[in-house]
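Take a look at the structure set out below.
Only the coordinates and a few stated rules stand behind these numbers; no lab work does. Model, not experiment: these values are computed from the prediction. All Cβ positions, glycine included, derive from the backbone under ideal geometry; neighbour counts span all protein chains shown.
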Amino acid sequence: MLHLNSGGVTLNETEASLFSEVARVVRDEIDLLEVSSRCRVNPTTLRKILEERPVSPPTEKKIRAGLGLTPPPGGILSLPSRVDQLCELYRLYQEKGTLAAVGRTVGLSRERVRQLLVRGTQIGLFEYPACPPSGPSREKILEDYKNFLSLNAVAGVNRLSMAALRRLCQSHRITREELEQIRNERRRIACIDLYLSIVQEMGHHPTTTELSTSKSGRSLRWQIGRGWGSIEAFRSALRIPSPLNKDLSGAARKM
């Protein structure tokens with residue numbers, strides 16, 4: 001299916017034509033789902049073609065027939081497209097009002113109906129107002145995470161499985177970035193607490209050199225670098241006077 005020329009590996013004319021035909025009709029996720037259903041191939045197969053990667057001859061024949069470039073093989077019945085199926089599920093959901101009722105009508109489980117409606121919403125076919133699964137609120141999950149900094153601990157304290165907690169996080173739109181921001185904030189608070197305890201113990205704001213003389217001080221320097229980038233940035237953020245500048249000014253007065 002591939003041949004070499006002076007410029008490297010390229011698609012032959014037949015595949016190049018197939019690429020152009022697929023690229024002409026597939027412009028977004030809805031098109032991808034519609035065309036893959038019409039051609040009776042997986043959406044990833046069409047993505048391969050759009051990436052100009054080869055497909056097998058039987059697959060190419062199916063796609064050409066689905067696109068109307070060649071006559072369809074005999075005995076193949078025309079079936080509703082996947083997009084049509086998703087839209088019909090949504091119509092039934094609006095009519096019957098519950099996932100279970102739709103599932104009984106089409107012979108699918110309640111969860112499978114929900115997944116398909118979510119999929120249709122993701123690609124922009126319709127807007128399925130998914131009800132959040134029962135469980136702790138968004139505020140409760142975030143508050144517990146602030147206390148434990150561990151999703152496993154949050155799941156345990158709320159008597160949830162990790163799978164159920166992940167579904168809740170997705171439903172409440174709790175992102176990894178939001179959880180990372182909470183972790184960083186907690187680390188900063190712990191870092192400041194450790195710094196204040198060292199100040200109380202030493203009776204003054206320590207210099208960088210003084211911090212390096214103890215295990216807790218070295219740990220603090222590492223945490224400061226992680227949270228603020230540098231000890232100078234840490235002092236600036238907390239408006240801590242530089243001990244080095246203070247020492248220098250004192251020496252200048254003595255001179």
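Values for this structure:
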{"read-out": "Residue exposure sequence - 18, 89 - by fewest surrounding Cβ within 10 Å", "value": "18, 89"}
{"read-out": "The stretch 82-122 shape via C-alpha gyration tensor axes, a/c threshold 1.5", "value": "prolate"}
{"read-out": "Summed residue charge, Cβ within 14 Å of residue 176's Cβ, Lys/Arg positive, Asp/Glu negative", "value": "0"}
{"read-out": "Alpha-carbon centroids, the stretch 190-226 and the stretch 89-154: separation in whole Å", "value": "48 Å"}
